[in-house]
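*Asks:* Have a look at this one before I ask anything.
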Amino acid sequence: MIEYLIDGPLWYFSLAVFVIGVVWQLVSIVFASRKQDLSVARDSATSGAIRTIFTRFVPHKEISSQITIQVVAGYLFHLGLFALLFFAAPHVVFLEHNLLGFGWTPMPHWAFIVSAQAAFLGLIFLWLRRMVNPVSRLISTLDDHVAAILTFVVMLTGCFALLEGSTGLRLLHRFSVELWLIYFPFSALMHTFTFIPSRAFTGAWFGRRGIDA
Amino acid sequence: MKIQTLLLLVGLLLPQLALADGPPEQKNFPQGVSTERLGDELWREVRQRDMQSSGISQVKGVDSGILINARGDQWARFRMDQLSTFGGIGIAAIFAIIVLFYVVRGRVPIEGGLSGNMVHRFTDYERVVHWTLAIVFLFLAITGLILLLGRPLLLPLFGKEVFSILASASKEGHNLFGPLFLVSLIMMLISFARRNLYERGDMTWLLKGGGLIGDGHASGGFFNMGEKTWYWMVILIGLVIAISGLILVSPNFGQGRLIMGLSHVVHTIGAIILIAVSIGHMYLGSIGSEGALEGMKTGYVDINWADAHHDRWGKVCHEENLIIPAEEYARLQGQKPGSTDEMATAEQGK
């Protein structure tokens, strides 16, 4: 019964909430009403937007030494999670059979292990830094902690189910993924998609005013 | 021709007749393998020889010529009978002693109570490194203990189905998190090694049992002798655990069964020692000693705590005027002056 629920209705429900929720949020952002900018353009807003999307991948020189932990841990976590999500052999097979109808070459097992370890170390570092730094702790909300913990649980149950020999562990991982998908559109996890329009908006605003930032 | 055929038949049948009608006593061949109850005797000889018997196999690899590894059986018995039994008893005994100590002695208070005036002790990075190591260590300790003690302790409680899931999850989690322990350990070594070098005055702390023996105060620097010893235990035993763990988790670098068995024993004994001592560390760093947790929680400690437990470092803080008043500390923590836990406790102390 539980197996049927997790593999069937709950999976489709969580997927629907995720897709509809993400699309709804992005459409809301794109079509949000904004004040018309009446200032005389000093430079191109478009080039400013494109430039900022990419330059923000590297920290500013002035503060880079102060945020080394966040930058290194951030890259470890995000690149590790990306590799796990799209190149782990079980995920490639799952996406091929259940969603896309086509697959691609998965990464070897050793790369899977290294990616998982990088992602875990990065996430633990980021969350601890959020907890120990007084400023980060003050500006963190309950949502930030729930999102981090839920992501950690998804990764942990995935690592538990690595052998693919236990139905119980597979269901536990899938159930945690379903909770994560349902939570995703209403949380800080949306930065997966919103970081691009967010950077573009800031870049366009600066670009139009001729600010090099 | 007929005679030759008859002799051949007799020659072929004689051994069979001898086997069928022979006396019940054992027949030993020169090679030392009995033919009585052929299967049992043969396998017993293969398994229980004093020396390791190696043969020839088409399979090329480490130990591939060994049919049955008798030492593997010894290792399995040692693991089941001694390692898990005494390891479990050892950890339980340490836990019981600490509970008893807390019941008898209670929380060790700071003489004069907390002042609310703080000194900076650890940076954000140092605390992140400490807690990363702590989280990874606890995860590995729990999963490792499930693997070591799960069969006698958890199997009767949860049943085979649940325990198999738990054991499988623990094995995968333990193997995946193991290398993270080594990474955290190296970061710990780099961040804290210099301040944990032994110096003059540390032996006095040890002779006074950290203040438990006699009435005199046990003098300590930034880290006292007990903390330094715990630190080097973590680094050195931790490295032994990590390296033996890597030998176990990567059995494709030419290591044979003997090295694997030894690595497992070393890994487990080292882990049991660290887990047992870490219970004491966790106790003293939290409920056992007033004001101790603040250092790793906020990065700051009360100056009275520094004077009580690390007087030589406390003296430097006084001399160099490193003390931060309570109001300033509250501002640094983003709190309204007078609202910190330390202030409340300090008021209670007065």
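Just so you know, all these numbers are worked out from the coordinates, no wet-lab data involved. Nothing here was measured: the structure is a model prediction, and the numbers come from that model. When we count neighbours, we look across all protein chains shown, and the Cβ atoms used for this are built from the backbone with ideal geometry, even at glycine.
*Asks:* Got a sec? Which of A:R170, A:R174 is over 30 Å from A:Q66 (Cβ atoms), within 14 Å of another protein chain (Cβ to nearest Cβ) and in a helix (DSSP H, G or I)?
*Replies:* Of A:R170, A:R174, the one residue that is over 30 Å from A:Q66 (Cβ atoms), within 14 Å of another protein chain (Cβ to nearest Cβ) and in a helix (DSSP H, G or I) is A:R170.
*Asks:* Let me ask something additional. It is to be established whether one or more residues within segment B:90-103 are within 24 Å of the chain's Cα centre (by Cα), within 14 Å of another protein chain (Cβ to nearest Cβ) and in contact (Cβ under 8 Å) with a residue 40 or more places away in the chain.
*Replies:* Checked segment B:90-103: no residue is within 24 Å of the chain's Cα centre (by Cα), within 14 Å of another protein chain (Cβ to nearest Cβ) and in contact (Cβ under 8 Å) with a residue 40 or more places away in the chain.
*Asks:* Are any of the residues in segment A:74-97 closer than 20 Å to B:V136 by Cβ, at the interface with chain B (Cβ under 10 Å from one of its Cβ atoms) and out of contact with any Asp or Glu (no Cβ under 8 Å at 6 or more places or on another chain)?
*Replies:* Within segment A:74-97 (the criterion being closer than 20 Å to B:V136 by Cβ, at the interface with chain B (Cβ under 10 Å from one of its Cβ atoms) and out of contact with any Asp or Glu (no Cβ under 8 Å at 6 or more places or on another chain)), the answer is no, since none of the residues qualifies.
*Asks:* Out of everything in segment A:101-158 that is within 17 Å of A:Q70 (Cα to Cα) and among the charged types (D, E, K, R), what residue ends up being farthest from the chain's Cα centre (by Cα)?
*Replies:* By that ranking, first place goes to A:R137.
*Asks:* Let me ask another. Collect the residues in segment A:100-127 that are assigned to a loop (DSSP other than H, G, I, E, B) and polar (S, T, N, Q), keeping them in residue-number order.
*Replies:* A:T105
*Asks:* Only helices (runs of 4 or more DSSP H) wholly contained in segment B:107-225 count here; list those with 3 or more residues that are farther than 25 Å from B:L293 by Cα and either under 23 Å from the mean Cα position of the chain (by Cα) or away from every other protein chain (no Cβ under 12 Å) (or both).
*Replies:* Qualifying helices (runs of 4 or more DSSP H): B:124-153, B:155-192.
*Asks:* Check every one of the helices (runs of 4 or more DSSP H) wholly within segment B:249-315 and list those with 1 or more residues that are without any contact (Cβ under 8 Å) to a residue 40 or more places away in the chain and within 20 Å of B:F95 (Cα to Cα).
*Replies:* Per the criteria, B:257-284, B:293-298.
*Asks:* Would you confirm, using the coordinates I've provided, whether B:L166 is of a type outside the set (D, E, K, R) and in contact with a Pro (Cβ under 8 Å, 6 or more places away or on another chain)?
*Replies:* no
*Asks:* Right, another one. Quick check on segment B:289-296. Is at least one of its residues surrounded by 21 or more Cβ atoms within 10 Å (Cβ to Cβ) and within 14 Å of another protein chain (Cβ to nearest Cβ)?
*Replies:* Within segment B:289-296 (the criterion being surrounded by 21 or more Cβ atoms within 10 Å (Cβ to Cβ) and within 14 Å of another protein chain (Cβ to nearest Cβ)), the answer is yes, since at least one residue qualifies.
*Asks:* Checking B:G254 against (1) out of contact with any Asp or Glu (no Cβ under 8 Å at 6 or more places or on another chain); (2) small (G, A, S); (3) surrounded by 17 or more Cβ atoms within 10 Å (Cβ to Cβ), which single condition isn't satisfied?
*Replies:* (3) is the only condition that B:G254 fails.
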